[in-house]
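The values are calculated or read from the model by the stated rules, or taken from the named source; none is laboratory data. What you see is a predicted model; the values in this text were computed from it and never measured. Cβ sites come from the backbone with ideal geometry, for glycine too, and all protein chains shown count toward neighbours.
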Amino acid sequence: MCRVIRLLLLCSLLSMTISVSGVLAAAAPAIRNSLPVRDDPLVRMPGTQPGQVPTLQSSTTCYPCHGSGLATWDKVKPNQDLRGRTDYTEYDIFKAWQGSMMGNSARDPLMFACFTVAAQDSIYALGNPNAVDICLRCHFPKGWLDGRSSGDGQLNASAMTGEDYDGIQCSFCHRLNDPFYKSTYEGKREGDKWTTYWDEQNSTKNPPEYRSQNRAYETYLADMLISPMIKLFSGGPFYLNNIPANLLYTENGGGQYFVSPTDERRGTFADVFVNDPPDHPTLYSRYHKGKFICATCHDVSNPVMANMTFKSSRPGQKVLLTTEKLPAFAWSHVERTYSEFRLSAYNNEGGAAGKGNFHPNTPKWQFPVNGWETDQPGNKITKCQDCHMCSRWSVGSNDLIGPVRPQDSKEHPDTWTPCHALTGGNVWMTSILASIAPDNPQKNPLNMELLVGPVQVDQLTMDVMQGSWTTLRPPNIDPNLPNQPNIFAALDLAATRIRGVLLNASNITDLKYLPTTGGLTFRVQNNSGHKLISGFPEGRRMFVNIKVYNGATLLQEINPYDYTVGTLKGLSDSASSPPLGSNEIHSDPLVYEVKLGSTITNELKTFHFALATHRYKDNRIPPQGFNIAGAAVRQSEPVWEGKSVPNYFTAAEYAGGYDEVNLTVPKGATTIEVNLYYQTTSREYIEFLRDEINGTGKLTLPPSAYVAQSDSFFTKLKAWGNTIFRLWDNNRNVDGGKPFLMTQGVWRTP
């Protein structure tokens, strides 16, 4: 299969290059009559299409039962188990979600500025802004499914409203269904280790209707009934004999989601509401319990690049789009977090033990208050949720008879309650949102002016106060609820959790120095389950800073950072980067990042993700057990100066998940500091967004491409250029804006 995918991918890329050039030559600078996204072959992807499912229920309705709203959380059993806590609201499902970037994906100003540039790029390349549908479908899934991202008048997010702004919300995630439901049910997709991997006991101590195998079959029947609604672009059936008709289509990445039209909430436990009818029907979902669900939005590719050959096709014609015959990882590279995990040792049968501080407690049940567990033998890590939804000893709702997991569950005795914080690395944006939260007693005045104030309402599409930021605030919230929601507290707790994740993600190990020769060696250890760093390459980077001292004298500094300007010094492609001093060195191999390239813009390195055709640089540190032999198929191998370099890391480095660094620094040092820093975004990316939106400064496209300041489509988007720069400038010293120290190694004279 790998060889077939390579051949198909090569043909696709060749035709794409020819077609894109032709489109650019004929593209008109104005927007005219864009096709609805479900009818546009360039952005059409498999899955549920706009208008195919009823409106998703508001997440606000989930708060009373899953947000401590009724103050009926059971606090007796925790005390009996000597956990040392009496307040378990830290594990409150709704609070964890409300502070997450998933719950705030539609309130992210960096996303708005990015998609403004993408819209302008799409008009330049295609003559319409449809490519921004790639952004809106994942950041506004409720609005997208309801059809508020279709046609010229809506693709600027102006039609998004109300609960659309709650982003990746409860009813969206818990109504996702498995597009490979038959293979999963039969144990052919993630395995058939029912008692271990799936933690399904099928216990006879439970009534038959609440045993795992029976409930899994119930879900299989439900999926079988709704699968006929999924159609190909041609109108033909997507499924044949309950599996995707095209056998090369093996993953639904890149924002291809399949959403149930019925209102059951799908989750990871079969034994819910055993003795009490639920407020909503439930289905037991192995899809939510397994790793494949995370590919939905975390293996991102650009469908425009994949489907360019079919740009003149229309629904009903007998064509099979590239997005319908190949998984997203085979088209183009935007983000590959899920693929990176699939290539790691954690993807192997039985998983792998965690590294460093990302190591679940061992032995089980013997842990500190804030410890975490997995549901696997030996606390092995086998799926994304094991780290990003690290399970805690907790209840799942305020239903008094609900099981306190895991010890009250006969069906899943090793599965703890997943923490819905969905913690990633974006501490910068989480902190900015916390600074404008409606119940923050000390709001940041300029952040408020830029993102919430009257000027913002007139000039920008984004309205952060819509959704639960309003519906769960007085006077809309029931004043009789004893535990009122606190949005600021949720975001502040989320930022604290993110800092913890960043501190656990790496270590500097094996630090050695020879004063007589100046030889310096050390390892940057990746403790995570994907590359370090991972995610969307929106200027985010991780870099090693080295300071070599003799006594109090600084002999040399590698990768110095200027905190006044707000960027690394000595960057050759940055007008704002200060020059290096006499004892300073910039080392690009020690800046871990993805840099995209574009044959469309003729840039070796580009921030135009919508116009990117390849990677120019990808030297990020692999996770342990990285399968480099399979990485090229997933476009996840290292890249240096535009060329694939699978031998960039050694076999030992791939196996161990580290980068071994060998340098020569000044002789005779008495102290050497090796610091590893992380930034959510960079000054260079923010300046790019500002200049491209304003059409001034350092520009990368022909003058006719810059329509954001003149075309009516951008009426409430064109101000994002100045807004995003002022926002960054005001928050450059917030963690993630300024470099966040992840870990440090120090050598001193013995």
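Within the set LEU155, LEU110, LEU136, the sole residue that is of a type outside the set (Val, Ile, Thr) and surrounded by fewer than 24 Cβ atoms within 10 Å (Cβ to Cβ) turns out to be LEU110.
Being in a helix (DSSP H, G or I) and either surrounded by 15 or more Cβ atoms within 10 Å (Cβ to Cβ) or modelled with pLDDT under 95 (or both) holds for only one residue in SER227, SER234, and it is SER227. Of the candidates SER149, SER171, SER183, the single residue that is within 20 Å of THR296 (Cβ to Cβ), of a type in the set (Gly, Ala, Ser) and assigned to a loop (DSSP other than H, G, I, E, B) is SER149. Taking the conditions exactly as written (farther than 30 Å from ALA353 by Cβ, part of a helix (DSSP H, G or I) and either small (Gly, Ala, Ser) or touching a strand residue (DSSP E or B) at 6+ places or on another chain (Cβ under 7 Å) (or both)), does ALA629 satisfy them or not? So ALA629 fails the test. Residues considered: THR470, THR521. Of these, the only one that is surrounded by fewer than 19 Cβ atoms within 10 Å (Cβ to Cβ) and at pLDDT 95 or above is THR521. Can you tell me which residue is surrounded by the most Cβ atoms within 10 Å (Cβ to Cβ) among those in segment 237-253 that are within 27 Å of the chain's Cα centre (by Cα) and not hydrophobic (A, V, I, L, M, F, W, C)? Result: GLY253.
Of the residues VAL319, VAL304, only one is over 20 Å from TYR185 (Cα atoms), hydrophobic (A, V, I, L, M, F, W, C), modelled with pLDDT of 95 or more and surrounded by 15 or more Cβ atoms within 10 Å (Cβ to Cβ); which? The conditions single out VAL319. The single condition from (1) among the small types (Gly, Ala, Ser); (2) surrounded by 19 or more Cβ atoms within 10 Å (Cβ to Cβ); (3) free of Cβ contacts under 8 Å to residues at least 40 places away in the same chain that ALA552 fails is (2). If you check ASN202 against the conditions, is it out of contact with any strand residue (DSSP E or B) (no Cβ under 6 Å at 6 or more places or on another chain), buried (at least 22 other Cβ atoms within 10 Å of the Cβ) and in contact (Cβ under 8 Å) with a residue 60 or more places away in the chain? Taking the combined requirement at face value, the residue does not satisfy it.
Would you confirm whether or not segment 254-263 contains a residue that is out of contact with any strand residue (DSSP E or B) (no Cβ under 6 Å at 6 or more places or on another chain), hydrophobic (A, V, I, L, M, F, W, C), modelled with pLDDT of 95 or more and surrounded by fewer than 17 Cβ atoms within 10 Å (Cβ to Cβ)? Within segment 254-263, not a single residue is out of contact with any strand residue (DSSP E or B) (no Cβ under 6 Å at 6 or more places or on another chain), hydrophobic (A, V, I, L, M, F, W, C), modelled with pLDDT of 95 or more and surrounded by fewer than 17 Cβ atoms within 10 Å (Cβ to Cβ). Among the residues making up segment 435-452, those that are surrounded by 15 or more Cβ atoms within 10 Å (Cβ to Cβ) and of a type outside the set (A, V, I, L, M, F, W, C) are SER435, PRO438, ASP439, ASN440, LYS443, ASN444, ASN447, GLU449. Considering segment 692-725, and only residues there that are assigned to a helix (DSSP H, G or I) and within 26 Å of MET542 (Cβ to Cβ), the residue that is farthest from the chain's Cα centre (by Cα) turns out to be GLU692. Looking at the structure I just gave you, is TYR678 among the aromatic types (Phe, Trp, Tyr) and over 29 Å from the mean Cα position of the chain (by Cα)? The answer is no for TYR678. Each residue in segment 515-535 was checked for being assigned to a loop (DSSP other than H, G, I, E, B) and not basic (Lys, Arg), and 11 pass. Does ILE585 meet the test of being surrounded by fewer than 23 Cβ atoms within 10 Å (Cβ to Cβ) and within 29 Å of LYS380 (Cβ to Cβ)? When the stated conditions are applied, ILE585 does not pass them. From the residues in segment 294-305 that are among the β-branched types (Val, Ile, Thr) and within 12 Å of the chain's Cα centre (by Cα), which one is nearest to ARG175 (Cα to Cα)? Per the criteria, the residue is THR296.
Quick check, is GLY350 surrounded by fewer than 21 Cβ atoms within 10 Å (Cβ to Cβ), at positive phi and either in contact with a strand residue (DSSP E or B) (Cβ under 7 Å, 6 or more places away or on another chain) or modelled with pLDDT of 90 or more (or both)? Judged against the criteria, GLY350 is a match.
Here segment 640-691 is the region considered, the condition is being without any contact (Cβ under 8 Å) to a residue 24 or more places away in the chain and part of a strand (DSSP E or B), and the residue that is surrounded by the fewest Cβ atoms within 10 Å (Cβ to Cβ) is LYS643.
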